[in-house]
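Report on the following structure.
Just so you know, all these numbers are worked out from the coordinates, no wet-lab data involved. As the structure is a computational prediction, the values presented were derived from the model and not from experiment. Because the Cβ atoms are built from the backbone with ideal geometry, glycine has one as well, and the counts that use them run over all protein chains shown.
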Amino acid sequence: YRSNLFDQVEGAFDLILFNPPMRPHENEFSRLVTSFLRRRPRLSEWMLRRVGAWLERDRHIFLAAVLAGARPHLRPGGSVLLCISAAEARRLDGATGFRVAQVTPIPTMHLHEIVQFRLAEDL
């Protein structure tokens with residue numbers, strides 16, 4: 001779907017996967033830089049350690065909107081998977097009616113992990 005988050009999405013799903021942008025207001029230049037850095041893991045890790053927190057400031061508001069938008073599209077027992085930092089996972093846990101159900105490290109992205117969220121009432 002081409003959509004502003006879930007605006008054009010219909011139906012319910014068992015699993016919603018979302019790899020959010022570092023900054024909610026990505027542009028073409030930042031996408032090119034991100035693409036460049038993905039092909040250079042050492043440089044990417046070095047940069048994220050230095051400026052990652054600055055890039056991700058206030059991103060939790062956007063991520064909370066993603067979870068809120070996903071809620072009506074989840075079947076009972078469904079999950080949302082996000083590629084986010086441990087700090088973001090802690091901040092979102094319980095704050096949106098979702099709880100962290102599982103965390104999977106990403107070996108090539110030391111500052112991010114795959115976090116499975118489930119509705120609190122499903123846990």
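Note on A86 and R40: their simple-model spin labels are 2.7 nm apart, each label 7 Å out from Cα toward Cβ. The residues neighbouring V100, those whose beta-carbon lies less than 12 Å from its own, together hold a net charge of +1 under the Lys/Arg +1, Asp/Glu -1 convention. Phi-derived couplings, Karplus 6.51 cos²θ - 1.76 cosθ + 1.60 at θ = phi - 60°, listed residue by residue for the stretch 94-99: x, 6, 10, x, 10, 10 Hz, with x used for Gly and Pro.
A simple rule links phi to the HN-Hα coupling: the Karplus curve 6.51 cos²θ - 1.76 cosθ + 1.60 with θ = phi - 60°, which for the stretch 108-117 gives 8, 10, 5, 9, 10, 8, 8, 10, 8, 9 Hz, with x for Gly and Pro. Around the amide H of S79, modelled in the peptide plane, lie the amide H atoms of L15, I16, all under 5 Å away and 5 or more residues distant in sequence or on another chain. The length gained by stretching the chain between R50 and V33 to full extension, at 0.36 nm per residue less their Cα-Cα distance, is 4.5 nm. Extension gain for the segment H110 to R2, taken as residue separation times 0.36 nm less the Cα-Cα distance, is 35.9 nm to one decimal.
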